[in-house]
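Encoded as structure tokens, the structure appears first; notes follow it.
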Amino acid sequence: MTQITNHMPTRELQALDAAHHMHPFTADAELAEKGARIITRGKGVYLTDSEGQQILDGMAGLWCVNVGYGRKDIAEVAARQMEELCYYNTFFQTSHVPAIALAAEIAKLAPGDLNHVFYAGSGSEANDTNIRLVRRYWDVKGQPEKNIIISRKNAYHGSTMGGGSLGGMAGIWAQGGLPIPNIVHIGQPYWYGEGKDMSPEEFGLMRARELEAKIEELGVDRVAAFIGEPVQGAGGVVIPPATYWPEIQRICDKYGILLIADEVITGFGRTGNWFGSQTFGIKPHIMTIAKGLSSGYAPIGGSIVCDEIAATVGGAGDFNHGYTYCGHPVAAAVALKNLEIIQEEKIVEHVKNVAHPYLMERWKALEDHPLVGEAALVGLMGSIALTPNKATRAAFASEAGTVGYRCRERCFANNLVMRHVGDRMIISPPLVITPSEIDILIERATKSLDECYAGLKSDGLLKAG
Ligand code: PXG
């Protein structure tokens with residue numbers, strides 16, 4: 001077999017990558033010309049690339065490496081589990097210790113009566129499970145017509161047929177015939193971009209009441225559930241106004257609609273509590289989890305399900321759904337170790353009492369930069385809205401994303417991973433980030449914003465649309 005190692009020249013790795021590897025959400029032909037940046041190692045909050053550059057990972061991989069890179073204790077657990085029991089299924093009346101222990105631990109950590117875990121390999125799969133689960137629930141209850149799920153524009157719930165349909169991303173719908181039937185979308189609580197002259201509080205209420213209007217329009221006997229991310233992540237770290245979630249909760253309670261909180265990003269400490277639902281006062285019937293469940297050390301996700309749904313679906317014969325890797329023993333053992341680390345090292349407390357307050361102070365100060373209209377942060381999820389006019393919160397005249405991309409490129413050149421969504425910059429660093437590492441993040445972000453601003457000025461792109 002060809003030996004391909006970390007020591008190969010970058011150009012050769014890039015050529016092989018371009019020849020054989022299709023990248024997710026990527027224009028492969030364009031990437032082939034430029035060449036992918038090849039990441040070779042990770043330690044703490046830092047990545048190393050094939051040129052030996054040290055990069056501060058302000059995104060924790062893809063919002064997931066919450067305990068930081070390179071933990072030997074997790075690697076040891078994985079190796080041990082592979083030797084002891086590398087795989088067994090949980091389909092045909094069998095179970096195994098890692099799946100049992102992890103489900104019990106998740107039930108302990110999850111609020112209220114969210115006491116049951118249906119495992120998946122990813123967040124997308126878990127949301128596909130949720131579609132089937134809530135439809136099955138109402139079917140068993142004798143209301144098979146109650147099968148419409150309401151979601152939101154610019155939501156992200158994955159990219160499988162189900163996950164992509166629940167999500168509200170136009171780019172995903174444009175390819176492959178999505179959304180599937182009986183999933184509908186209301187507006188998002190994105191005050192900065194869509195709130196116009198309303199106060200954030202008024203706007204939050206208005207957007208929440210779109211749910212009530214939609215339920216009335218469709219008929220309550222047709223609506224199964226509402227799904228939302230406590231804070232939209234991939235949509236650009238959209239932190240809802242304080243009025244939004246309480247109103248959504250009131251409406252779901254009033255009409256008896258199931259509430260699904262997609263906690264794939266917000267779960268396991270990201271917002272300064274174990275779950276984003278706790279930060280925003282949401283009482284969901286189902287939570288979607290993935291990413292931070294294992295800190296990305298192994299692919300695993302799932303649905304945390306309340307007593308009533310688990311009893312109803314579980315009490316009505318076979319639920320004909322499952323994945324080969326449901327509760328995969330190695331992934332489950334890794335996730336369990338990750339949860340132990342978060343608890344023993346008090347990482348949620350670190351986010352709440354140390355990292356968030358310090359980053360908040362430094363992040364907010366970026367609002368003094370001429371390009372920054374708003375710098376917002378919940379826990380360790382942050383966004384910066386770039387604008388040519390702070391007073392009006394105007395968008396740029398250039399095609400949406402042009403400025404954000406240029407800023408991202410400056411960040412990447414300055415060894416900081418800070419993503420862009422349209423013309424918003426976003427961060428979601430490992431939860432273990434220290435104040436001195438936050439200083440480096442801010443220093444690199446400021447330098448990148450300065451360089452981006454200078455470039456926009458000289459290219460005449462500082463114009464409002
Ligand atoms: N729900 C939410 C809230 C997510 O953020 C998923 C579901 C799907 O999880 P899987 O494991 O199937 O990817 C996600 C994933 C981005 C980006 O560009 C975000 C995600 C995935 C890929 C890219 O920010 N979030």
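The values are calculated or read from the model by the stated rules, or taken from the named source; none is laboratory data. Keep in mind it's a predicted model, so treat the numbers as computed, not measured. Note that we place each Cβ from the backbone using ideal geometry, even for glycine, and neighbour counts take in every protein chain shown. Only protein heavy atoms, including side chains, enter the accessible area calculation; ligands, DNA and RNA are left aside. Shrake-Rupley method; radii C 1.70, N 1.55, O 1.52, S 1.80 Å.
Looking across region 398-420, the residues that are within 19 Å of residue 57 (Cβ to Cβ), touching a Gly at 6+ places or on another chain (Cβ under 6 Å) and either more than 16 Å from the ligand (Cβ to nearest atom) or open to solvent by 10 Å² or more (accessible area, probe 1.4 Å) (or both) come down to 416, 417, 420. The set of residues from region 233-269 being among the polar types (S, T, N, Q) and under 19 Å from residue 202 (Cα atoms) comprises 243, 249. Among residues belonging to region 114-131 that are away from the ligand (no atom under 16 Å from the Cβ) and open to solvent by 50 Å² or more (accessible area, probe 1.4 Å), point out the one that is farthest from residue 303 (Cα to Cα). Looking at residues that are away from the ligand (no atom under 16 Å from the Cβ) and open to solvent by 50 Å² or more (accessible area, probe 1.4 Å), I get 115. Within region 53-89, being hydroxyl-bearing (Ser, Thr, Tyr) and under 30 Å from residue 420 (Cβ atoms) holds for one residue alone: 69.
Does residue 317 meet the test of being surrounded by fewer than 22 Cβ atoms within 10 Å (Cβ to Cβ) and either under 17 Å from residue 105 (Cβ atoms) or without any contact (Cβ under 8 Å) to a residue 24 or more places away in the chain (or both)? Considered against the rule, which asks whether it is surrounded by fewer than 22 Cβ atoms within 10 Å (Cβ to Cβ) and either under 17 Å from residue 105 (Cβ atoms) or without any contact (Cβ under 8 Å) to a residue 24 or more places away in the chain (or both), residue 317 comes out as yes. Of everything in region 320-330 that is open to solvent by 60 Å² or more (accessible area, probe 1.4 Å) and in contact (Cβ under 8 Å) with a residue 40 or more places away in the chain, the residue that is farthest from the ligand (Cβ to nearest atom) is 324.
If I filter region 243-254 for residues that are open to solvent by 10 Å² or more (accessible area, probe 1.4 Å), part of a loop (DSSP other than H, G, I, E, B), touching a residue at least 12 places away in the same chain (Cβ under 8 Å) and more than 16 Å from the ligand (Cβ to nearest atom), do I get at least one hit? For region 243-254, residues open to solvent by 10 Å² or more (accessible area, probe 1.4 Å), part of a loop (DSSP other than H, G, I, E, B), touching a residue at least 12 places away in the same chain (Cβ under 8 Å) and more than 16 Å from the ligand (Cβ to nearest atom): present. For region 17-34, a tally of residues being part of a helix (DSSP H, G or I) and not hydrophobic (A, V, I, L, M, F, W, C) returns 6.
The numbered conditions (1) hydroxyl-bearing (Ser, Thr, Tyr); (2) assigned to a helix (DSSP H, G or I); (3) within 18 Å of residue 342 (Cα to Cα) are all true for residue 312 except (3). With respect to being in the same structural domain as residue 435 (by TED's automatic domain parsing) and either out of contact with any Phe, Trp or Tyr (no Cβ under 9 Å at 6 or more places or on another chain) or at pLDDT below 95 (or both), residue 28 falls outside the description.
Select from region 152-204 the residues that are open to solvent by less than 10 Å² (accessible area, probe 1.4 Å) and within 11 Å of the ligand (Cβ to nearest atom) and write down the one among them that is farthest from residue 234 (Cα to Cα). It comes out as 162.
Scanning region 255-268 for residues that are surrounded by fewer than 24 Cβ atoms within 10 Å (Cβ to Cβ) and within 16 Å of the ligand (Cβ to nearest atom) yields one hit, 259.
Of the helices (runs of 4 or more DSSP H) lying entirely inside region 42-113, the ones with 1 or more residues being within 16 Å of the ligand (Cβ to nearest atom) are found at 60-63. Just checking, does region 270-281 include any residue being more than 16 Å from the ligand (Cβ to nearest atom), open to solvent by 20 Å² or more (accessible area, probe 1.4 Å), more than 18 Å from residue 105 (Cα to Cα) and not in a helix (DSSP H, G or I)? Looking for residues that are more than 16 Å from the ligand (Cβ to nearest atom), open to solvent by 20 Å² or more (accessible area, probe 1.4 Å), more than 18 Å from residue 105 (Cα to Cα) and not in a helix (DSSP H, G or I), one finds at least one in region 270-281, hence yes.
Could you check, for region 219-229, whether at least one of its residues is open to solvent by 10 Å² or more (accessible area, probe 1.4 Å) and free of Cβ contacts under 8 Å to residues at least 12 places away in the same chain? Yes - at least one qualifying residue is present in region 219-229.
Scanning region 421-436 for residues that are open to solvent by 10 Å² or more (accessible area, probe 1.4 Å) and touching a helix residue (DSSP H, G or I) at 6+ places or on another chain (Cβ under 9 Å) yields a count of 7. Check 137, 87 and return the single one that is modelled with pLDDT of 95 or more and open to solvent by less than 30 Å² (accessible area, probe 1.4 Å). Among 137, 87, only 137 is modelled with pLDDT of 95 or more and open to solvent by less than 30 Å² (accessible area, probe 1.4 Å). With respect to the stated conditions, residue 191 fails to be without any contact (Cβ under 8 Å) to a residue 24 or more places away in the chain, in the same structural domain as residue 282 (by TED's automatic domain parsing) and in contact with a Pro (Cβ under 7 Å, 6 or more places away or on another chain). Applying the selection to region 178-203, what residues are under 21 Å from the mean Cα position of the chain (by Cα) and not hydrophobic (A, V, I, L, M, F, W, C)? Correct list: 179, 185, 187, 188, 189, 190, 192, 193. Taking the criterion of being open to solvent by 10 Å² or more (accessible area, probe 1.4 Å) and either among the hydroxyl-bearing types (Ser, Thr, Tyr) or assigned to a loop (DSSP other than H, G, I, E, B) (or both), the residues of region 283-299 that qualify are 283, 284, 285, 296, 297, 298, 299.
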